[in-house]
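This report refers to the structure that appears directly beneath it.
The values are calculated or read from the model by the stated rules, or taken from the named source; none is laboratory data. Given the structure is predicted, the values throughout are model-derived calculations rather than measurements. Note that each Cβ is placed from the backbone with ideal geometry, even for glycine, and that neighbours are counted across all protein chains shown.
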Amino acid sequence: MADEEKVLYTGGNGLLGRELKKLLLKSFFPSHLEFDVLNYSQMEDFLHGKNIKTLVHGAAFTSPPRVDKNPIKALETNIIGTSNVVRLCSQEGIRLVYISTDYVFKGDQGNYSEEDPVFPVNKYAWSKLGGECAVRMYDNSLIVRTSFGENQFPYEKAFIDQYTSRESVSTFARKLVEIIGSDLKGTIHVGSPRRSVLEYARSLGGSKVIDELSIHDVNFKVPEDTSLNCEKYRGLFGDKK
């Protein structure tokens, strides 16, 4: 692992941020009040006197139904905020690792590779793709497409007809630490083998899952199969669980 004291993570109070704090004890996890991605001068001030070499951008507005209700917040946080982070990293010569989503794909085939065309089906995914576009403008960057959830499945229902490479946040966090410590650039997919959301829930010991749910039962657009081809990751880092 690279020097932890040279790593900064945005979104430290989120699910992934809380998990990474257990693994990167000496890294920086500023709060939104300390490091607001919509406040460029504040971000500059926070970096002053710190020898940050890698910035992991995990802060995002992530709930698809909430984004549908408030798309401007997603525009500001996920696109404008990410553009500010790209500008900051470019200005300071910092490597940027951007946490993206499997939802950038249309979801009509699954097993998506890093080279496959993207086509979001909901506004949340469009906003994350907008962030990807900004990150692609900066050569010293890595886009990590993934899907993760809580270590214990928190719901009583799970989709029987949505397929994914989702894994627990603790599993993904361990993989991300290795990626942060590498010098990889470009795009990489990280996740489990393809399975339904119900199978994923049960793999976590989802004793709360007492009923099945269809993607057609909810009032927001859900892609059917966004499972990821993670051969590139396995070739570089091995098949870790």
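In segment 40-53, the residues that are among the β-branched types (V, I, T) form Cβ pairs under 6 Å with partners that are assigned to a helix (DSSP H, G or I) and modelled with pLDDT of 95 or more, at six or more places apart or across chains, as follows: I52/K6. Those helices (runs of 4 or more DSSP H) of segment 120-224 in which 2 or more residues are over 17 Å from the mean Cα position of the chain (by Cα) occupy 197-203.
Scanning segment 29-51 for residues that are surrounded by 16 or more Cβ atoms within 10 Å (Cβ to Cβ) and touching a Lys or Arg at 6+ places or on another chain (Cβ under 6 Å) yields one hit, F29.
The set of residues in segment 57-96 being in a strand (DSSP E or B) and among the charged types (D, E, K, R) consists of R95 alone. Taken together, V190, V218 contain a single residue that is within 20 Å of Y155 (Cα to Cα) and of a type in the set (A, V, I, L, M), which is V218.
From the list K123, K157, K185, the lone residue that is touching a helix residue (DSSP H, G or I) at 6+ places or on another chain (Cβ under 6 Å) and among the basic types (K, R) is K123. As a summary of the residue check, G110 satisfies the conditions (1) among the small types (G, A, S); (2) more than 23 Å from K6 (Cβ to Cβ); (3) touching a helix residue (DSSP H, G or I) at 6+ places or on another chain (Cβ under 7 Å) except for the one numbered (3).
Of all residues in segment 65-84, exactly one satisfies the criterion of being surrounded by 21 or more Cβ atoms within 10 Å (Cβ to Cβ) and over 23 Å from Y40 (Cα atoms), namely V67.
Of everything in segment 140-180 that is within 19 Å of G107 (Cβ to Cβ) and acidic (D, E), the residue that is surrounded by the fewest Cβ atoms within 10 Å (Cβ to Cβ) is D161.
The set of residues from segment 58-84 being among the hydroxyl-bearing types (S, T, Y) and either closer than 20 Å to V222 by Cα or modelled with pLDDT under 95 (or both) comprises T62, S63.
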